[in-house]
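To keep things clear, I will list the structure first and then write my remarks on it.
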Amino acid sequence: MMKHILTELIEHRSLSKETAKQVLVDLASGKFNPSQTSAFMTVYMMRSITIDELQGFRDAMLELCIPVKLDLPVMDVCGTGGDSKNTFNISTLSSFVVAAAGQPVAKHGNYGVSSVSGSSNVLEYFGYKFTNDIDSLKRSLDRANICFMHAPLFHPAMKNVAPIRKELGVKTFFNMLGPMVNPAFPKRQLVGVFNLELARQYGYLYQQTDKDFVILHSLDGYDEISLTGAFKYYYNRGEVLAEPMDLNLLRLNADELKGGNTVEESAKLFMTILEGNGTDAQNAAVIANAGMAIFCGHQKEGLEPALQKAKLALESKAALGCFRKLIEA
């Protein structure tokens with residue numbers, strides 16, 4: 001079967017939603033050898049994924065995951081990664097700011113693939129123990145207003161793929177899927193994506209759901225609001241092209257967003273910002289993304305109050321409090 005599929009893809013044909021779903025189910029069950037799996041993943045580095053393929057892959061992942069039923073109206077704040085910008089952990093920091101502002105967060109994360117330090121790397125550095133025990137996650141939510149789901153524990157079917165992704169060390173279509181396959185099935189979602197075409201596809205797919213959503217892409221290639229230039233966001237009411245000044249925030253230089261070169265450096269930078277000692281640029285980037293996430297759940301109120309809530313949650317160190325409550329459990 002894989003030989004036939006690879007031939008189809010190499011000849012520039014695309015998969016139907018049903019075929020895409022079946023291929024991923026077979027991939028997860030170990031039906032294909034590592035070379036075939038690697039070849040299949042490589043195809044999508046060389047050509048764009050279609051809406052049907054994205055939908056089929058997503059449906060397979062959600063069907064195979066360990067679901068997490070939570071009682072609160074949770075939100076995920078998540079980027080696809082894969083933008084190769086090596087920024088500090090903006091979406092992870094934003095998650096704690098959003099939780100501190102009163103929005104329960106079910107964060108779905110993983111180790112960095114194309115960057116030094118993903119959200120899982122940072123939390124693990126601080127001694128957080130990953131779990132897929134639902135009661136533990138609920139306790140985290142009750143205590144810290146945030147729980148963290150390390151993706152491999154909820155997608156056991158992906159264990160055949162994980163070593164190949166690690167060896168490849170570049171973004172694959174699994175990066176595109178990450179935010180879409182949160183096992184808590186959140187009703188609210190802020191997603192940053194690494195290119196404009198994917199942002200449009202995400203926007204289209206999310207319009208077909210009952211979720212409150214914001215899909216973000218900075219036009220100079222970031223999978224979040226970088227404040228280094230114009231950015232686009234798609235949300236329930238349409239799409240907007242915006243500039244940093246539209247958020248009453250200054251335009252930044254790329255150098256001001258750089259992350260660490262090791263997990264330890266990234267973690268130290270993470271704490272510096274949470275403890276209130278971040279630079280104005282670092283704080284602004286976190287506030288922009290957290291503010292947009294808060295806006296996602298309160299679209300009628302507008303963006304300005306959401307940005308103010310984010311600013312207060314960071315500067316009052318309430319976000320630091322949420323982080324400590326999560327880690328110290």
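Computed from the coordinates by the stated procedures, all read-outs in this text should not be read as laboratory data. Note that the coordinates shown come from a computational prediction; the quantities given were computed from them, not determined experimentally. Note that each Cβ is placed from the backbone with ideal geometry, even for glycine, and that neighbours are counted across all protein chains shown.
Could you tell me what percent of the DSSP beta bridges with both partners in the chain are antiparallel, to the nearest 5? Of all bridge pairs located within the chain, approximately 40 percent are antiparallel.
For the pairs 3/31; 3/85; 268/311, note any where the Cα-Cα span goes beyond 23 Å. The answer is 3/85. With the simple spin-label model, which puts each label point 7 Å out from Cα in the Cβ direction, the residue 248 to residue 50 separation comes to 4.7 nm. Note on region 70-219: Rg/Rh from Cα positions, Kirkwood definition for Rh, rounded to two decimals, is 0.93. Here the gap between residue 7 and residue 230, fully extended at 0.36 nm per residue and compared with their Cα-Cα distance, gives a gain of 76.3 nm.
Normalised by the number of residues in region 2-64, the average gap of Cα pairs under 8 Å and 6 or more apart makes the relative contact order 53 percent. Each part reduced to its alpha carbon centroid, region 38-103 and region 116-142 end up 16 Å apart. Its relative contact order, with pairs defined as Cα atoms under 8 Å and 6+ residues apart, puts the chain at 21 percent. One equal scatterer on each Cα of region 2-64, no solvent, Debye formula: the resulting log10 I(q)/I(0) at q = 0.30 Å⁻¹ is -1.51.
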